[in-house]
Amino acid sequence: MPIILVTLSPSQYKQMGAKSFLVSATIFYLLLFGCFATAATPSGKRILGRTPCKRLVFYFHDIIYNGHNSRNATAAIIGAPAWGNRTILGGQNHFGDLVVFDDPITLDNNLHSTPVGRAQGFYIYDKKDIFTAWLGFSFVLNSTEHKGSINFAGADPLMNKTRDISVIGGTGDFFMTRGVATLETDSFEGEVYFRLRVDIKLYECW
């Protein structure tokens, strides 16, 4: 079979090189940005972020001791400013009150559902002029589906409908995990009981 040689001019070589570069750049762009997904912050702003490697939703139920409910209470005031006490949350947006808790975690919003773990930690009301707190706690999970702990920390501006706090680590099934948890006050009864919905989005899963 005869071999046919095609001779290209220098201008044709340049045109082919430009087209190859354009195709390669387009493929690289699609591969790079196709690995990311667009997410939204609570304020509605769009950000470029990764898709969570794991997503979980839990509820935890906080019943504060008020001097009459020691049998059912799961939280207690352990520190208070001079104008407050350790039985009733103080005035001025509870500023200075420190509360420790050991709350049941459920898969739905029913306080009487079977717990899948405990939420253990503390929160401190840290501003006089607005109702807000700072949280540090762990979800200690011990169910047939999940075993281990997830650790959380961050500011909780309670007047916002949803609030994000950091997932800063974990153990067991959640070893060294990191991510974001979105809190939402699902229900409350005065200053004795509240229920939080916790939407956990993990971005590092081992």
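Can you name every residue in the range 158-180 that is within 18 Å of PHE60 (Cα to Cα) and either modelled with pLDDT under 95 or of a type in the set (Val, Ile, Thr) (or both)?
LEU158, THR162, ILE165, VAL167, VAL180
Suppose we filter the range 121-147 for residues that are buried (at least 17 other Cβ atoms within 10 Å of the Cβ) and farther than 18 Å from ILE77 by Cα; how many remain?
Of the residues in the range 121-147, 5 are buried (at least 17 other Cβ atoms within 10 Å of the Cβ) and farther than 18 Å from ILE77 by Cα.
Which of the residues belonging to the range 149-201 are among the charged types (D, E, K, R) and open to solvent by less than 10 Å² (accessible area, probe 1.4 Å)?
Of the residues in the range 149-201, the ones among the charged types (D, E, K, R) are 156, 161, 163-164, 173, 178, 184, 186, 189, 191, 195, 197, 199, 201.
If the condition is that a residue be among the charged types (D, E, K, R) and open to solvent by less than 10 Å² (accessible area, probe 1.4 Å), then ASP156, ARG163 are the ones that fit.
Mind checking which residues of the range 55-78 are in contact (Cβ under 8 Å) with a residue 60 or more places away in the chain and either of a type outside the set (Phe, Trp, Tyr) or surrounded by fewer than 20 Cβ atoms within 10 Å (Cβ to Cβ) (or both)? Don't jump to the end; show me each part of the working.
Here is the first cut: in the range 55-78, the ones in contact (Cβ under 8 Å) with a residue 60 or more places away in the chain are 55-64, 66, 69.
Selection gives ARG55, LEU56, VAL57, HIS61, ASP62, ILE63, ILE64, ASN66, ASN69.
Which condition number in (1) surrounded by 13 or more Cβ atoms within 10 Å (Cβ to Cβ); (2) of a type in the set (Lys, Arg); (3) at pLDDT below 95 is the one that ARG118 fails?
For ARG118, the exception is condition (3).
For the range 154-196, which positions are more than 11 Å from the chain's Cα centre (by Cα), part of a strand (DSSP E or B) and not aromatic (Phe, Trp, Tyr)? Don't jump to the end; show me each part of the working.
First pass over the range 154-196, keeping only residues more than 11 Å from the chain's Cα centre (by Cα): 155-161, 169-177, 185-196.
Adding the requirement that they be part of a strand (DSSP E or B) leaves 155-156, 169-172, 185-189, 193-196.
If the condition is that a residue be more than 11 Å from the chain's Cα centre (by Cα), part of a strand (DSSP E or B) and not aromatic (Phe, Trp, Tyr), then ALA155, ASP156, GLY169, GLY170, THR171, GLY172, THR185, ASP186, SER187, GLU189, ARG195, LEU196 are the ones that fit.
Exactly one condition in (1) touching a residue at least 24 places away in the same chain (Cβ under 8 Å); (2) closer than 19 Å to ARG195 by Cα; (3) assigned to a loop (DSSP other than H, G, I, E, B) is false for GLY96; which is it?
The single condition GLY96 does not satisfy is (2).
Acidic (Asp, Glu) and within 11 Å of the chain's Cα centre (by Cα): does that describe ASP199?
Numbers: acidic (Asp, Glu): yes; within 11 Å of the chain's Cα centre (by Cα): yes.
In short, yes.
I'd like the full set of residues that are of a type in the set (A, V, I, L, M) and either more than 28 Å from LEU89 (Cβ to Cβ) or at pLDDT 95 or above (or both), limited to the range 181-206. Reasoning before the result, please.
Here is the first cut: in the range 181-206, the residues of a type in the set (A, V, I, L, M) are 181, 183, 192, 196, 198, 200, 202.
Of everything in the range 181-206, those that are of a type in the set (A, V, I, L, M) and either more than 28 Å from LEU89 (Cβ to Cβ) or at pLDDT 95 or above (or both) turn out to be ALA181, LEU183, LEU196, VAL198, ILE200, LEU202.
The values are calculated or read from the model by the stated rules, or taken from the named source; none is laboratory data. Remember, predicted model here, so these are calculated numbers, not experimental data. A quick note on method: Cβ atoms are made from the backbone with ideal geometry, for glycine too, and the neighbour counts reach across all protein chains shown. Accessible surface is based on the protein model in full, side chains and every heavy atom, while ligands, DNA and RNA are left aside. Shrake-Rupley method; radii C 1.70, N 1.55, O 1.52, S 1.80 Å.
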